[in-house]
1. Hey, can you tell me all the residues within segment 77-96 that are part of a loop (DSSP other than H, G, I, E, B) and either in contact (Cβ under 8 Å) with a residue 60 or more places away in the chain or open to solvent by 30 Å² or more (accessible area, probe 1.4 Å) (or both)?
2. Taking the condition of being part of a loop (DSSP other than H, G, I, E, B), modelled with pLDDT of 95 or more and on the phi > 0 side of the Ramachandran plot, how many residues in segment 363-410 meet it?
3. Within segment 37-76, which residues are modelled with pLDDT of 55 or more, among the small types (G, A, S) and part of a loop (DSSP other than H, G, I, E, B)?
4. All but one of (1) out of contact with any strand residue (DSSP E or B) (no Cβ under 7 Å at 6 or more places or on another chain); (2) assigned to a strand (DSSP E or B) hold for Y504; which doesn't?
5. Can you name the residue in segment 663-701 that is open to solvent by less than 50 Å² (accessible area, probe 1.4 Å) and of a type in the set (D, E, K, R) and is also farthest from T631 (Cα to Cα) among such residues?
6. Tell me, please, whether a residue that is outside any loop (DSSP other than H, G, I, E, B), more than 20 Å from V715 (Cβ to Cβ), at pLDDT 90 or above and open to solvent by 30 Å² or more (accessible area, probe 1.4 Å) can be found in segment 586-602.
7. Could you run through segment 664-696 and say how many residues are within 19 Å of N211 (Cβ to Cβ) and not in a strand (DSSP E or B)?
8. Residues in segment 466-492 that are among the aromatic types (F, W, Y) and in a loop (DSSP other than H, G, I, E, B): how many?
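The values are calculated or read from the model by the stated rules, or taken from the named source; none is laboratory data. The structure displayed is predicted, hence computed values, not measured ones. Note that we place each Cβ from the backbone using ideal geometry, even for glycine, and neighbour counts take in every protein chain shown. The accessibility values were calculated without ligands, DNA or RNA, using every heavy atom of the protein model including side chains. Shrake-Rupley method; radii C 1.70, N 1.55, O 1.52, S 1.80 Å.
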Amino acid sequence: MSDQTSNPYEGRFTKPVPSINLLTNYDDFTVFEHSHRDVGSDFTPRTRPGESPLSVQSVDMCLQINKSNHITSAYNNQNLVVRRGLEFIMKVTFNRPLTQGDDFQVEFLIGSDPSPITDTLLVVTFGSRPGGPWSGRIVETLGQTLTLGITPTPNAIVGKFRVYVATVQPGGLQRTQRNQTTDLYLLFNAWNKDDAVFYPDEVGRKEYVLNDHGLIRQGSFDSMTERSWDYGQFERGILDACIYILDASKMPIADRGDIIKMVRMGSAMINAQDDNGVVVGNWSGNFSGGKAPASWTGSTAILLQYASTQTPVCYGQCWVFAGVFNTFMRCLGIPARVITNFNSAHDNNGSIVTNLVFYPDGSLSTADSKDSIWNFHCWNEAYMTRADLPPGLGGWQVVDSTPQETSGGYYRCGPASVAAIKQGLLCHPFDLNFCFAEVNSVVISWTINRYKTLTETSVDKNMVGKGLFTKAMGNTTFDNIMSTYKYPKGSPQDLAAMALAQEYVSGKKPPAPPTALLSISISANPVQLGQDVNLVVNFTNQSEVPTTVKAVLSGIVIFYTGVPAAPFKNEDFTVTVPAKQTQSVPFKIAAQQYMANRGSLLNLSFTVGGQSDGQTVNATKVVSLQPPKLTVMVTGQPQLQNQMFVTVSFTNPLNFTLQNVTVSMSGSGLIDPKTRSYSVIAPLTTITWKESFVPRLDGLRNITATLDCSSLRGVTGFAAVNITNA
């Protein structure tokens, strides 16, 4: 269905003037005749002798004052954008001043089959005659011009409405012609306490609805990186692109005021897995036919491309899905934020237990391990009331558009109450089992022998959900919000929540870890791409006698999802560990070893497997390599409508030539998305790209840049500038 149509209406009014037939075509100037039934004197305006019939000369949607009052001035849109539950004004100029007996109404239509029954046709009246659910009042009368105040209900449909003014004539209703300049966008309203997305403080509303720039954590828990993301929810064409997503989803118009249905639809439509949605996921490392996920600077180019081509955009990974979904929600007025969970479990079967199967040498058996643990995973939270859940389970809800598992037949996830996750209340909708496992899953490691027999080797209750981060409100730091998802590990509340969750899932208690006298751990310091990696493998012997361990150190280049890409090291060694002591074995991995397998990957996985006296142990350590940075500099007088310049520069610090390099930049309110290509960048060579721009929005603004090629991904940089209105 579409919000823009030339044949929008079939049916009849139920609330306005009785006995007046309504025809189907609103797009032309139309006079509607009485039926032959008696209308009644109360509904028949009387025109004084010599007085012309009342008609509309012009309609003014009062863009400036309404956008200011509704905090929508940043939208780069020629039409009025308002928030539901809050009055907006419009001025209607008639052909003459109104007299007693004159009557008129304002009509708002959305969708291809508007009807008062579904609140897709709203009639607003201004006298004693009853109208629809939206209220109206005459604010001011100045000659033949009336200033009207109209208040949509706090649960009104969100989308693009067509607006008409109709005067009541002795022969029927006379409506204004179709005029696209009077079309109106209606959004959710986080400022209204009666709206389901009401957010309780202004600082949060500024961050989670109005901020068009974000920072997203990546890497690994021990070696975190961050990237800038340009949400761009106010840029030209983005609001229409979000409306197009609603239409492309075939979501019933009448459901588009329901926040739960809206975010659930959005989580399905942002990915293209099964519904021709926005972004195609690709974790293969081969991004031919599209753009590499790491090369995007933000959501604007993605959403504009999707709306203009009406085909999915290639390619994305979890932070791209989360960034675009965040734009979609903030654009429609929904408070939203991006969350990064480190050591995020992907529970394949809803058991809230992650099973990892290893060979005796400690390497992962990908064929037998159906579950996985991602270095990090990004999802979104949306803020809303949950009338469908018990009290206390509203607020932040997990919504995830990365296509991982199906929910109700589509690749989508949520909304899942964060409060319910923390308490282990997995009996409620939606997808709480999966979300609970991402942050709380017990990890059971198994060893599989040549006879395909499994032996449980360890149970780890602390591996998953090492930290959950989101950008802090009002600055460029991060908040660790892990305490909103789970209680401190081992606390009575944590044990109770885990036990309750297990009962909901399987009726079983959490497994107890097996007794182990020998254990392994691996430590490593953060390292820059192209540098040697220094590891320390620690063997701890808790027995009363020394033990000799035959071990294997293996190194694999991996995707951040934990999927192996290319092996680069396999070394056997033996270590004797004294009784009741820890023996440490250092390793140095030369950069050329893993750089020989360079590509789209900046993650190394080191696994040590060992055997001693029939006992098998293993440990894994993921090292996220820190990529080089782009330098972004902004120059010029930082004022609105004043020409300024941005310079992006990069020096290749690696000992090999980068080929077919793409550099991109964008900045909401400052500069549209732009891309430049370089055929080669030799070692220690510097490239510089300078662009001019004229700021459209004031306040603290950001320009984000990325550099991408097949042998180097994840190179980013950004610069902030405070634009004044002087």
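1. Taking segment 77-96 first, the residues part of a loop (DSSP other than H, G, I, E, B) are 77-79, 84-87, 95-96.
Answer for segment 77-96, where residues must be part of a loop (DSSP other than H, G, I, E, B) and either in contact (Cβ under 8 Å) with a residue 60 or more places away in the chain or open to solvent by 30 Å² or more (accessible area, probe 1.4 Å) (or both): N77, Q78, N79, R84, G85, L86, E87, N95.
2. 1
3. G50, S52, S55, S73, A74, listed by residue number.
4. Against the list (1) out of contact with any strand residue (DSSP E or B) (no Cβ under 7 Å at 6 or more places or on another chain); (2) assigned to a strand (DSSP E or B), Y504 comes up short only on (2).
5. So the residue we want is R701.
6. From segment 586-602, those outside any loop (DSSP other than H, G, I, E, B) are 586-589, 591-595; that's our starting set.
When the remaining residues are screened for being more than 20 Å from V715 (Cβ to Cβ), the result is 586-589, 592-593.
Pick out the ones that are also at pLDDT 90 or above and you get 586-589.
Applying the additional criterion that residues be open to solvent by 30 Å² or more (accessible area, probe 1.4 Å) yields 586, 588.
Yes, that holds for at least one residue.
7. 5
8. Our first condition is that a residue be among the aromatic types (F, W, Y); within segment 466-492, this holds for 469, 478, 485, 487.
Still in the running and in a loop (DSSP other than H, G, I, E, B): 487.
Here the count works out to 1.
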